[in-house]
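Visitor: The structure under discussion is supplied below as structure tokens; questions concerning it will follow.
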Amino acid sequence: MLGFLQICWYFTDSWEQFRISGIIDVMDGSSPDPAKLQQRERAWFASSVKSRLQCLGPSPGVPVANDDHVKDVHIDPSAGPVDAYCLLTLDPEKVDYVNLKSNQRLMFTRTQEGDESGDWMARKVSP
């Protein structure tokens with residue numbers, strides 16, 4: 001499933017901000033593409049068992065009556081990805097970099113033709 005996404009990171013020590021926008025691909029177990037399923041599985045096994053356990057708990061934001069559900073959750077470390085696990089990949093098209101200390105801003109834009117990854121062009125803009 002493809003869509004558009006923008007993520008933002010702000011580093012408080014350096015006063016730098018990165019906004020990255022592009023096409024996101026959400027890969028779950030129903031993907032018909034074997035390469036995407038392999039990529040999803042590799043990412044699953046690259047994560048810690050503790051991280052994998054998060055996919056077995058209740059949905060984020062759901063009220064928790066007690067903490068018993070945490071004690072009862074177990075996972076086989078050698079088992080593949082659970083149904084709730086999705087891998088997100090971002091294919092960036094634009095990066096907006098702002099340095100608030102130096103009052104500088106750079107816009108990086110990828111030029112893409114067809115299936116080629118393209119080149120990156122940078123231009124300095126007003127913050």
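Every number in this text was worked out from the coordinates using simple rules, so none of it is lab data. On a predicted model such as this, the values are computed, not experimentally measured, just so you know. With ideal geometry, Cβ positions are generated from the backbone for all residues, glycine too; neighbour counts draw on all protein chains shown.
Visitor: Filter the trypsin sites (Lys or Arg not before Pro) in the range 9-103 down to the DSSP loop ones having no more than 15 other Cβ atoms within 10 Å, then list what survives. Could the numbers behind the result be given before it?
Guide: Values: sites: Arg19, Lys36, Arg40, Arg42, Lys50, Arg52, Lys71, Lys94, Lys101; in loops: Lys101.
Hits after loop and neighbour filter: Lys101.
Visitor: Quick check: the angle from helix 34-46's long axis to the longest principal axis of the chain, C-alpha only, nearest 10 degrees?
Guide: Taking the Cα atoms of the chain, the angle to 34-46 is about 80 degrees.
Visitor: Need one number: nm distance between label points at Ile7 and Lys50, each 7 Å from Cα along Cα→Cβ, rounded to one decimal.
Guide: Each label point lies 7 Å from its Cα, and together they span 2.1 nm.
Visitor: State the percent of C-alpha pairs, over all pairs in the range 21-127, separated by a distance greater than 20 angstrom.
Guide: Details: 3478 of 5671 pairs.
When every Cα pair of the range 21-127 is considered, 61 percent fall beyond 20 Å.
Visitor: What is the list of residues in the range 98-127 whose amide nitrogen lies under 16 Å from a point 7 angstrom out from the Cα of Ile23, following Cα to Cβ?
Guide: Backbone N within reach: 110-119.
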